[in-house]
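K.L.:
Got a structure here, written out as structure tokens. Questions coming.
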Amino acid sequence: MLVVVRRGNRYLVLRRVPERLGYWSTVAGGVEPDETPAFAALRELREETGLEAAVTELPITLAYSLLDDPPDVRARYAPGIETVTVHSFVAEAPRDWEPTLDDEHDDYRWCEADDAIALFVYETPREAVRAASREVGA
């Protein structure tokens with residue numbers, strides 16, 4: 001599950017701490033067994049940035065393979081899981097709001113869509129930002 005946080009025509013990009021591979025991404029996390037994807041999106045949004053905002057599911061289906069991921073990443077998933085389906089959401093941030101980062105992140109930026117996409121290592125946040133920008137025609 002991931003959440004694209006948008007403020008006008010700018011998108012929040014978070015950098016993971018080096019212990020979590022130090023890459024730039026959106027708000028992201030897992031869906032617990034007792035959660036819906038939307039509830040997980042609200043929880044992760046609050047935990048990773050401090051933002052309490054409504055989330056809207058984006059009209060895209062994203063998936064990625066775990067087969068090329070390092071063993072420590074694959075170990076986070078149940079045995080036998082080879083593909084992860086990613087539910088994607090968008091949240092609107094207030095104009096003057098800035099994130100309060102959790103211990104999983106050490107930096108953030110507000111970027112236009114193309115600049116955010118260029119920072120991402122993985123395709124899933126790229127596609128989610130593209131979808132969010134189409135939603136507003138940005």
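K.L.:
Can you tell me which of P94, P37, P71 is farther than 14 Å from M1 by Cβ and modelled with pLDDT of 95 or more?
P.N.:
P94
K.L.:
Kindly establish whether L58 is over 21 Å from R15 (Cα atoms) and under 14 Å from the mean Cα position of the chain (by Cα).
P.N.:
Yes: the conditions hold for L58.
K.L.:
Here is a follow-up. Which residue is surrounded by the most Cβ atoms within 10 Å (Cβ to Cβ), if the candidates are limited to the range 69-95 and must be basic (K, R) and touching a residue at least 24 places away in the same chain (Cβ under 8 Å)? Before the answer, list the steps.
P.N.:
Initially, the range 69-95 is screened for residues basic (K, R), giving 74, 76, 95.
Retained after the next criterion (residues that are touching a residue at least 24 places away in the same chain (Cβ under 8 Å)): 76, 95.
On the way: R76: 11, R95: 7.
Applying the filter and picking the extreme gives R76.
K.L.:
Could you tell me whether T124 is surrounded by fewer than 14 Cβ atoms within 10 Å (Cβ to Cβ) and of a type in the set (S, T, N, Q)? Steps first, answer last, please.
P.N.:
On the way: surrounded by fewer than 14 Cβ atoms within 10 Å (Cβ to Cβ): no; of a type in the set (S, T, N, Q): yes.
The answer is no for T124.
The values are calculated or read from the model by the stated rules, or taken from the named source; none is laboratory data. Treat the numbers as computed from the prediction; the structure is a model and nothing was measured. Cβ: placed from backbone, ideal geometry, glycine included. Neighbour counts: every protein chain shown.
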